[in-house]
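Have a look at the structure below, then the notes.
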Amino acid sequence: MILIVDSGATKSDWIALDEKGNQLFMTQTLGLSPEVLTRSVIEDRLANNFELSKNSEKVTRLYFYGAGCGTDRMRNFLKEIFADFFPNAKANIKEDTYAAIYATTKIGHQAIVCILGTGSNCCYYDGNQAIQKVTSLGYIPMDDGSGNFFGRKLIRDFYFHKMPQSLGMKFAKEYDLEADVIKENLYKQPNPNTYLATFARFLIENKEHPYCKGVIDKGFQQFVNNYIMQFELATKVPINFVGSIAYYLKEELTTVLERNDLIVGEIRQKPIEGLMQFHQQNL
């Protein structure tokens, strides 16, 4: 059995194939980012999934593409966990940017490939390998234009009274904005980045409001400046995206890209189906 996994900070999509490439099952767990989760939390999330537990010994190959897997230390950390849970599997672990590449870009074609979901990232794909100029440091100092980036912005503006009053009242009705609740989720609970990203839904649902339009535009422009424009060929190749923020704010993202003379490529919400097709073609 072959397992293919696209693991973001919020959730992980799993597809199982037989040795001929036929789909056996699909399932989902919570996100498995090694940067923000302990070993015990990751083990629990695996063990609590019926399909994975039932088939753990049948897996012979595991292709895992995950947020937080950009360093050898994090990849080795996950390999140890997977070796125990999938004892007969050879695990291949790569950063989630490769999932975005394989889902949006044909082998041999050049593109800049971006992730805009709970977190954000960007790489240049030369047709064979991914090239990154900046190593991601995670959601606190980076992740421009992402769900947690926008969530943090909304909370800050609400508390600093920079959000229009009428919108602020609506925001307070939809979320528990008590300081103790926010601090509990940010500093004591797992996945604070995922918690922050839950507030981005408000931005999407109210994207026609002038305040929200401004926040979205500035956030995407910041992503373009810091992530996309670091590559010399930025205006010469398509810019492809995966992630819910890119997908649900496609029009706003396209406006910013075109304003910067960038070529709008493919925008997908989830890479998992494209990943499955890639591996079926390369068994």
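The values are calculated or read from the model by the stated rules, or taken from the named source; none is laboratory data. Note that this is a predicted model, so its numbers are computed, not measured. Cβ atoms come from the backbone with ideal geometry, glycine included; neighbour counts cover every protein chain shown.
Filter segment 204-244 down to the residues that are assigned to a helix (DSSP H, G or I), of a type in the set (Gly, Ala, Ser) and surrounded by 17 or more Cβ atoms within 10 Å (Cβ to Cβ) and list them by number. Listed by number, the residues that qualify are GLY219, SER244. Report yes if LEU78 is among the hydrophobic types (A, V, I, L, M, F, W, C), closer than 23 Å to GLY117 by Cα, touching a Pro at 6+ places or on another chain (Cβ under 7 Å) and modelled with pLDDT of 95 or more, otherwise no. So LEU78 passes the test. Taking each residue of segment 177-203 that is closer than 22 Å to LYS213 by Cα and looking for partners that are outside any helix (DSSP H, G or I) and among the polar types (S, T, N, Q) with beta-carbon atoms closer than 6 Å, six or more apart or interchain, yields ALA197/THR118. Filtering ALA100, ALA67, ALA111, ALA89 for residues that are modelled with pLDDT of 95 or more, under 26 Å from PHE150 (Cβ atoms), among the small types (Gly, Ala, Ser) and crowded, with 16+ Cβ neighbours inside 10 Å leaves a single hit, ALA111.
Here TYR125 does not fit the description of being of a type in the set (Phe, Trp, Tyr), surrounded by 23 or more Cβ atoms within 10 Å (Cβ to Cβ), closer than 18 Å to GLY274 by Cβ and touching a Phe, Trp or Tyr at 6+ places or on another chain (Cβ under 8 Å). Each residue in segment 68-107 was checked for being under 26 Å from PHE50 (Cα atoms), under 19 Å from the mean Cα position of the chain (by Cα) and hydrophobic (A, V, I, L, M, F, W, C), and 5 of them qualify.
Residue under question is SER146, and the condition is that it be surrounded by 12 or more Cβ atoms within 10 Å (Cβ to Cβ), closer than 22 Å to ASP6 by Cβ, in contact with a Phe, Trp or Tyr (Cβ under 8 Å, 6 or more places away or on another chain) and of a type in the set (Ser, Thr, Tyr); does it hold? The answer is yes for SER146. Summed over segment 245-273, residues that are in contact (Cβ under 8 Å) with a residue 60 or more places away in the chain, part of a helix (DSSP H, G or I) and surrounded by fewer than 20 Cβ atoms within 10 Å (Cβ to Cβ) total 1. Screening segment 124-197 for helices (runs of 4 or more DSSP H) wholly inside it with 2 or more residues that are under 28 Å from PRO34 (Cα atoms) returns the ranges 147-159, 179-187, 192-197. Among the residues of segment 57-87, the ones that are assigned to a loop (DSSP other than H, G, I, E, B) and closer than 23 Å to PHE278 by Cα come to 8 in all.
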